[in-house]
Amino acid sequence: MSIYKTLATLKVSNVSLGADHFGGGVKDGLAERILDAYTDFGGNFIDTANLYGRWMPGGANLSEQFLGRWMKKTGKHPIIATKGGHHDLHDASHKRLGEADVRWDLESSLATLGVDTIDFYWLHRDDLSLPIGTILEMLESFVREGKIRHYGASNYTAARLRAAEEYAKGHGLQGFSAVSNQHSVAKVNPGANTNPDPTLVITGEEELQFHRASGTPLIPFQATARGYFAKLASGNPLSPELMAAYGGEENLRLYEALAKEAEARGYSLQTVALVAVTRESFPVIPITSVRNEEQLSDVFRAMEQIARETQSNPI
């Protein structure tokens, strides 16, 4: 039984650990213990971004800074997937997908992480004013320079993904090796996402059809709907934002089904939600963040169960 899946030429663990709060909300000592436990278990796929931490006082890329320090200290070198090309935090109209902006982000990430090459590089956002071919050719130039190995699209619609697939095939390019859009088994109520950023792409039926037809891996963020099912199970009041986003009969029926599975397997709702999002005809590698070491037990159980189901039903 293997906890690993294939992503392009990389062998990555079947659950990616989100490092968005490392170096900021999760302080170094705790973050080190979390990462040590995750990698000791066999996890090797870390999700970060040049952006993470820049919203805090000082505006630094705190997550990447922490990961760079941790790798230097421990000598461990997991697969780091980082992102660039997010729009300006102070001016959303500045899309920052021009070559100069993305190169600045990329080279900043390389220096901060202390590596020569980034194994997997995401574009954090799209810019519909740019031809998709222009974006792909830029990324290919970074591959040729040896700065990145593989690249993917975060917050791209099905229409843009199909256009990218067609362009890559027609021009002999590597193309997007994976997609990272918002996705969980819970349905988001229209207009009520917990993050109101209109540039986020929630995986809908059209995006799912793209993945099913192409086999392109999905590496979703908010893969447990911000813990909606686990928080329902706790019996504690849910925040107004979470209720607005996920409250409704459809998600309640899903909660009941997941709760039955959790009871039967002896798992938490968080574990079951992580496993459930991977039950697709194409590879799904969910990203999840934890705030303490105890929460890792849910992640480890999910990794083991996903491995069992993958072994029984290989994609």
(request) Identify all residues within region 164-180 that are out of contact with any Asp or Glu (no Cβ under 6 Å at 6 or more places or on another chain) and either surrounded by fewer than 17 Cβ atoms within 10 Å (Cβ to Cβ) or not hydrophobic (A, V, I, L, M, F, W, C) (or both); write none if there are none. (result) Glu165, Glu166, Tyr167, Lys169, Gly170, His171, Gly172, Gln174, Gly175, Ser177, Ser180
(message) So, Arg96, is that one on the phi > 0 side of the Ramachandran plot and in contact with a strand residue (DSSP E or B) (Cβ under 8 Å, 6 or more places away or on another chain) or not?
(response) yes
(request) Could you tell me whether Ala302 is at pLDDT 95 or above, farther than 13 Å from Asn14 by Cβ, part of a helix (DSSP H, G or I) and of a type in the set (A, V, I, L, M)? (result) no
(message) Being surrounded by 12 or more Cβ atoms within 10 Å (Cβ to Cβ), on the phi < 0 side of the Ramachandran plot and part of a loop (DSSP other than H, G, I, E, B) narrows it down to one residue among Ser297, Ser281; which is it?
(response) Ser281
(request) Kindly indicate the residue of region 209-225 that is of a type in the set (A, V, I, L, M, F, W, C) and assigned to a loop (DSSP other than H, G, I, E, B) and also surrounded by the fewest Cβ atoms within 10 Å (Cβ to Cβ) among those meeting that condition. (result) Ile219
(request) For Asp88, indicate whether it is modelled with pLDDT under 95 and of a type in the set (Asp, Glu). (result) yes
(message) Exactly one of these conditions fails for Thr134: (1) among the β-branched types (Val, Ile, Thr); (2) surrounded by 19 or more Cβ atoms within 10 Å (Cβ to Cβ); (3) in a helix (DSSP H, G or I). Give me its number.
(response) (2)
(request) State whether one or more residues within region 231-242 are buried (at least 23 other Cβ atoms within 10 Å of the Cβ) and at pLDDT 95 or above. (result) no
(request) Sort through Glu165, Glu241, Glu206 and tell me the only one that's within 24 Å of Arg291 (Cβ to Cβ), in contact (Cβ under 8 Å) with a residue 40 or more places away in the chain and either more than 18 Å from the chain's Cα centre (by Cα) or part of a loop (DSSP other than H, G, I, E, B) (or both). (result) Glu241
(message) Can you pull out every residue in region 244-278 that is touching a strand residue (DSSP E or B) at 6+ places or on another chain (Cβ under 9 Å) and not in a helix (DSSP H, G or I)?
(response) Val277, Thr278
(message) Looking only at region 32-52, how many residues end up being buried (at least 21 other Cβ atoms within 10 Å of the Cβ) and either more than 15 Å from the chain's Cα centre (by Cα) or assigned to a strand (DSSP E or B) (or both)?
(response) 6
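The values are calculated or read from the model by the stated rules, or taken from the named source; none is laboratory data. Because the structure is predicted, anything quoted here is derived from the model rather than measured. Glycine gets a Cβ as well: all are built from the backbone with ideal geometry, and neighbour counts include every protein chain shown.
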